[in-house]
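The values are calculated or read from the model by the stated rules, or taken from the named source; none is laboratory data. Predicted, not measured: the structure shown is a model, and the values here were computed from it. Neighbour counts are summed over all protein chains in view; Cβ atoms, including those assigned to glycine, are modelled from backbone coordinates with ideal geometry.
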Amino acid sequence: MTAIPSSPSSDRAAVRRTAPVVGRDWDRCAHRGTVVDVRTAEVLLEPRPAAPPPPWPLPGGRETRPDHACAPGSAVELEPAPPVEPAGLGFDQRGCLFHGVPERGQVQRLPWPARGEPVDLLAGPPPVSVPAPGGVGFVPVGGDPRRPLRAWALAADRDEHLFVLDGAGGTVQVLDLADGHLVRTVGFASTPLDLAVDATGRRDASVLVLTASRARPLVRLTVLSAVVEQALPAGALAGVPAGARPARLAVAPDGTPWLLLRDGPDAWVVAVGSSRSPSPLHVPGGTDLEFDGDGRLVVAGPPGSGLLTWNVGGDAPVPAVPLLARGYDGRGLARTPDGRVGYWTGTAFRAAVAERVRYSSSGTVDTRPLDSRGHGQQWGRVFVEACVPPDTRLLLGAATDDELVDPPPAGLAQLLPLHRRETGRELAWSPLPPGDRYAVYEAPVAAPPGRYLWLRLQLTGPGCTTPRVRAVRAEFPGHGLVEKLPGAYRRDPVATGFLRRYLALLDGQLTDMESRSVRRDLLLDPWSAPPELLDWLASLVGLTLDARWTERARRTVLAEAGWLFHRRGTPGGLRRLLEIYLGAPVVVLEGFRLRAAGGRVGGGEGASEPTAVVGGGSRVGGAATAVDGPAEDRPADPFRAAAHRFSVLITREVADEELVVVRDLLDLERPAHTIVDICTVGSGMRVGIGLHLELSTIVGPGSGVRPLRVGRDGALGGDGVVGRGRAGIRAGGTRLGDATVVDT
């Protein structure tokens with residue numbers, strides 16, 4: 001019997017390769033009851049709304065459902081829905097919200113997401129009272145010389161210009177957001193209907209204008225350029241009825257324009273960016289469209305209705321989870337700076353949220369054939385990177401063949417469970433990151449040799465949760481432990497197959513040991529060593545790590561140990577140690593930098609060499625007087641008051657537990673003959689005592705004042721304080737000078 005080598009050969013791990021399925025490879029797989037999340041490129045069970053979306057009421061007294069809804073369309077007699085005038089809605093590059101109010105002739109600018117009063121960009125200067133003879137003032141009678149606009153659509157470019165579509169005049173007004181003046185007014189051959197910014201790959205972001213012309217509906221415009229009509233590709237509107245006219249416009253993240261065309265209550269959504277655009281999407285009752293930050297198409301209906309979504313990355317739009325839009329006024333959508341889709345409720349701006357969903361109870365995904373480029377290839381293990389919550393399950397099936405066959409071999413029906421690796425990763429010395437829900441599961445390929453490998457993953461769940469698969473990696477070639485056994489063990493193919501699968505467990509352990517041996521240099525790197533080895537690594541350089549420190553802080557100390565040893569006990573070394581632990585800037589202020597004789601009077605008679613320090617007992621002007629206070633409290637030698645003393649100024653609030661660690665650190669690292677004081681921003685500041693220009697001044701947040709939102713951040717009388725910071729100068733308890741008291 002041939003013995004297995006006691007020390008694994010490094011050649012075995014070096015020649016093994018993997019065939020991956022990750023990212024957009026999942027789009028080319030066969031899905032049954034599973035979908036690919038377009039945001040994360042992960043496979044999950046197909047989500048469905050917990051309840052079917054309500055029908056959209058259409059003008060003319062009918063109700064209907066879009067084509068992709070769960071229930072078929074229905075016609076019910078209802079009151080006709082009145083038409084709604086569009087109102088512009090959009091954001092600029094700084095994230096400021098602009099809202100058009102056509103009935104008032106206003107374009108309002110509002111802070112978002114913070115609350116604030118709106119500012120009308122079209123408001124003229126306030127009326128000026130002109131004095132008349134006799135001292136009686138009067139105000140000129142007359143309207144604003146700038147006619148108010150009916151802002152049907154808004155779009156802001158990168159250069160701080162706001163394009164306003166005037167629904168009353170059929171023009172586009174370009175406003176300079178810096179000072180609000182009108183830059184230009186642009187007219188068009190056809191009536192303009194909507195605006196959208198196209199900022200993909202262009203230095204000067206242009207604005208697309210949608211007009212009523214079906215033949216040439218798009219016009220490109222910048223602040224100073226001429227109007228340029230953009231021709232549509234041949235057949236771009238094929239499949240859309242001839243009576244449908246352009247109504248709304250949106251630009252996808254890849255720069256493709258999408259149009260919404262309406263013919264009475266019916267609506268069609270079509271991409272017009274290229275000749276390979278998908279077929280038109282029929283959405284009865286659709287009134288507006290927009291794209292979110294993940295590239296999903298969002299279509300709005302009448303006021304008060306929800307929003308429908310589609311994934312448009314493939315050959316045809318795929319329905320996605322609808323969005324809730326409570327209080328939607330039906331006048332338009334806008335993409336927020338964080339990628340959500342928002343709308344106006346009549347009183348405020350709100351972002352839509354996803355509907356509550358339920359997942360399919362079971363689903364499968366079949367990968368494309370993985371090619372090993374060698375006939376009769378013996379495959380090894382399969383690694384599946386997935387998140388498997390409780391009450392869910394993940395099974396694996398495999399089939400092989402030396403030829404590409406369609407359909408795949410029948411061996412995929414044999415599903416086997418997967419084993420979760422103890423460390424959560426298959427890479428050497430690579431532990432699972434804290435908070436990462438994804439781990440690596442493995443199983444041997446239970447299939448005969450073959451060039452091509454097909455994999456099937458079956459996902460099951462209770463409906464409220466779903467497994468998520470991020471990536472799959474198939475290892476080849478498989479282990480050769482069977483070939484090391486006597487030939488008698490390889491005569492029977494059935495027994496050989498069993499031995500190969502059985503020895504795969506031992507091969508996995510040997511491979512892991514070999515990988516750890518080859519990459520043992522990672523143990524000496526503070527950033528790659530496992531957390532449990534940090535104390536051992538610190539002992540190699542004579543350090544004892546404080547368990548109260550965070551893992552990142554301990555790794556940083558180990559990485560900078562040489563520099564810190566070289567500067568131990570110096571102001572720079574102490575400052576760096578404290579900054580590593582606290583994660584905030586720290587100022588180490590030595591006392592000799594503040595020494596002064598004091599008692600001098602600025603501007604009065606006295607010594608020719610003034611040595612007064614603001615806050616050190618000096619007065620400005622007047623006759624020289626003695627310093628207040630008992631004589632024994634006034635040091636005769638300023639050197640003794642400043643020598644071997646320093647202060648540590650921490651630029652953030654520090655908890656009691658952190659303050660204990662800081663004191664222990666200073667007692668251990670500072671020179672033994674020095675005296676230290678610790679100051680934080682919560683202790684306030686006093687000129688000459690705790691505040692010194694260019695030494696201890698920090699520009700930033702003050703004494704901890706923060707906004708308090710009742711019902712979300714706290715309750716009045718509970719954990720919120722109105723009127724002063726949570727820590728800082730106490731009103732009525734601090735004196736400025738001699739006779740000034742800060743009080744409420």
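Looking at (1) more than 30 Å from GLY478 (Cα to Cα); (2) crowded, with 20+ Cβ neighbours inside 10 Å; (3) in contact (Cβ under 8 Å) with a residue 40 or more places away in the chain; (4) more than 24 Å from the chain's Cα centre (by Cα), find the lone condition where TYR328 falls short.
TYR328 satisfies all of (1) more than 30 Å from GLY478 (Cα to Cα); (2) crowded, with 20+ Cβ neighbours inside 10 Å; (3) in contact (Cβ under 8 Å) with a residue 40 or more places away in the chain; (4) more than 24 Å from the chain's Cα centre (by Cα) except (3).
With the structure loaded, tell me whether GLY497 is more than 30 Å from GLY23 (Cβ to Cβ) and in contact (Cβ under 8 Å) with a residue 12 or more places away in the chain or whether it fails that test. I'd like the intermediate steps shown before the answer.
Numbers: more than 30 Å from GLY23 (Cβ to Cβ): yes; in contact (Cβ under 8 Å) with a residue 12 or more places away in the chain: yes.
Answer is yes for this residue.
Would you point out the residue of the stretch 39-58, among those that are part of a strand (DSSP E or B) and modelled with pLDDT under 80, that is farthest from ALA267 (Cα to Cα)?
Going through the stretch 39-58, the residues part of a strand (DSSP E or B) turn out to be 42-45, 47-49, 56-58.
The next check asks that each one be modelled with pLDDT under 80; those that pass are 49, 56-58.
Details: PRO49: 23, TRP56: 12, PRO57: 13, LEU58: 11 Å.
It comes out as PRO49.
Find the strands (runs of 3 or more DSSP E) located wholly in the stretch 252-333 whose residues include 1 or more that are within 20 Å of PHE349 (Cβ to Cβ), and list them.
Answer list for the stretch 252-333: 288-291, 296-300, 307-311.
Can VAL312 be described as closer than 20 Å to VAL35 by Cβ, β-branched (Val, Ile, Thr), modelled with pLDDT under 90 and touching an Asp or Glu at 6+ places or on another chain (Cβ under 9 Å)? Don't jump to the end; show me each part of the working.
Numbers: closer than 20 Å to VAL35 by Cβ: yes; β-branched (Val, Ile, Thr): yes; modelled with pLDDT under 90: yes; touching an Asp or Glu at 6+ places or on another chain (Cβ under 9 Å): no.
Answer is no for this residue.
Failed condition for SER274, given (1) of a type in the set (S, T, N, Q); (2) over 18 Å from GLY88 (Cβ atoms); (3) at pLDDT 90 or above, with all others met?
It fails just one condition, (3).
So which of VAL494, VAL518 is touching a helix residue (DSSP H, G or I) at 6+ places or on another chain (Cβ under 7 Å) and within 30 Å of LEU453 (Cβ to Cβ)? Give the derivation first.
Details: VAL494 fails: touching a helix residue (DSSP H, G or I) at 6+ places or on another chain (Cβ under 7 Å).
Testing whether each residue is touching a helix residue (DSSP H, G or I) at 6+ places or on another chain (Cβ under 7 Å) and within 30 Å of LEU453 (Cβ to Cβ) leaves just VAL518.
Quick check on the stretch 220-233. Is at least one of its residues within 33 Å of the chain's Cα centre (by Cα) and either crowded, with 20+ Cβ neighbours inside 10 Å or not in a loop (DSSP other than H, G, I, E, B) (or both)? Walk me through it before giving the result.
Of all residues in the stretch 220-233, those within 33 Å of the chain's Cα centre (by Cα) come to 220-223.
Subset that is either crowded, with 20+ Cβ neighbours inside 10 Å or not in a loop (DSSP other than H, G, I, E, B) (or both): 220-221.
The answer is yes, given that some residue of the stretch 220-233 is within 33 Å of the chain's Cα centre (by Cα) and either crowded, with 20+ Cβ neighbours inside 10 Å or not in a loop (DSSP other than H, G, I, E, B) (or both).
So that you can scan it fast, the table gives a plain yes or no per residue for (1) of a type in the set (Gly, Ala, Ser); (2) out of contact with any Gly (no Cβ under 7 Å at 6 or more places or on another chain); (3) farther than 30 Å from GLU422 by Cα:
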site	(1), (2), (3)
SER539	yes, yes, no
THR544	no, yes, no
ARG554	no, yes, no
ARG576	no, yes, yes
GLY591	yes, yes, yes
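Going by the conditions given, is GLU514 out of contact with any Asp or Glu (no Cβ under 6 Å at 6 or more places or on another chain), among the acidic types (Asp, Glu) and free of Cβ contacts under 8 Å to residues at least 60 places away in the same chain? Show your work before the answer.
Values: out of contact with any Asp or Glu (no Cβ under 6 Å at 6 or more places or on another chain): yes; among the acidic types (Asp, Glu): yes; free of Cβ contacts under 8 Å to residues at least 60 places away in the same chain: no.
Taking the combined requirement at face value, the residue does not satisfy it.
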